[in-house]
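Notes for the one structure printed next.
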């Protein structure tokens with residue numbers, strides 16, 4: 001009974017975290033928004049304990065900050081944060097792709113093409129909520145055969161942390177079309193054995209996203 005109660009509690013906390021995370025990524029909870037534990041607990045019909053645990057988890061992902069006397073506040077986007085996230089991605093992801101590409105199977109390529117098809121449909125339907133998730137699924141499937149579990153776990157966390165950055169970048173001029181074209185080309189290059197070219201494209205793909213975001217934030221700061 002104790003174990004079952006603990007499991008239900010952890011499941012409840014995870015469910016609360018997922019919903020809060022979704023609202024932050026969708027923009028329902030904008031930067032600077034204060035997340036009150038009592039209000040969230042009342043809305044989700046749970047005690048404050050799973051809400052508190054959910055907020056601690058989301059803080060670890062970088063989406064909120066828990067501040068003295070203010071509680072949990074949704075984090076803003078910063079150039080320093082973007083620099084760090086995309087620099088780490090640029091270092092790790094081409095290495096993972098280099099190790100994984102030659103081991104990708106026919107089933108993997110079918111999965112990648114399915115993601116690309118869904119990604120294309122969601123982009124054209126303007127379903128913003130799915131963009132980050134599909135982008136993460138695509139990249140993680142590309143690297144799944146790298147046999148580097150620690151690096152893969154780190155990249156998975158980086159992709160999740162940069163989810164809202166990715167969604168924002170896709171809304172900028174030309175972002176969707178370029179992302180779609182480059183993802184398709186990455187698959188083509190890997191499938192034809194052009195691994196070095198694929199890794200080079202991946203690096204420039206990540207650099208471009210980071211650069212676009214930095215330029216956008218700087219333009220907003222000057223406005």
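Observations on the model:
- Search result, residues across the range 90-108 that are more than 15 Å from residue 200 (Cβ to Cβ) and assigned to a helix (DSSP H, G or I): 92, 99, 100, 102, 103, 106, 107, 108
- Residue 133, sole failed condition from (1) touching a helix residue (DSSP H, G or I) at 6+ places or on another chain (Cβ under 7 Å); (2) touching a residue at least 24 places away in the same chain (Cβ under 8 Å): (1)
- Scope the range 113-132; condition farther than 16 Å from residue 187 by Cβ and modelled with pLDDT of 85 or more; matching residues: 121
- Residue under evaluation residue 41, criteria (1) touching a helix residue (DSSP H, G or I) at 6+ places or on another chain (Cβ under 7 Å); (2) surrounded by 13 or more Cβ atoms within 10 Å (Cβ to Cβ); (3) in contact (Cβ under 8 Å) with a residue 24 or more places away in the chain; (4) more than 17 Å from residue 169 (Cα to Cα), criterion not met: (3)
- Test: residue in the range 186-203 that is surrounded by fewer than 20 Cβ atoms within 10 Å (Cβ to Cβ) and either within 18 Å of the chain's Cα centre (by Cα) or assigned by TED's automatic domain parsing to the domain that holds residue 18 (or both): yes
- Inclusion of residue 145 among residues that are more than 27 Å from residue 18 (Cβ to Cβ) and either outside any helix (DSSP H, G or I) or in the same structural domain as residue 59 (by TED's automatic domain parsing) (or both) is warranted.
The values are calculated or read from the model by the stated rules, or taken from the named source; none is laboratory data. The structure displayed is predicted, hence computed values, not measured ones. Heads up, the Cβs are rebuilt from the backbone with ideal geometry, glycines too, and the neighbour counts pull from every protein chain shown.
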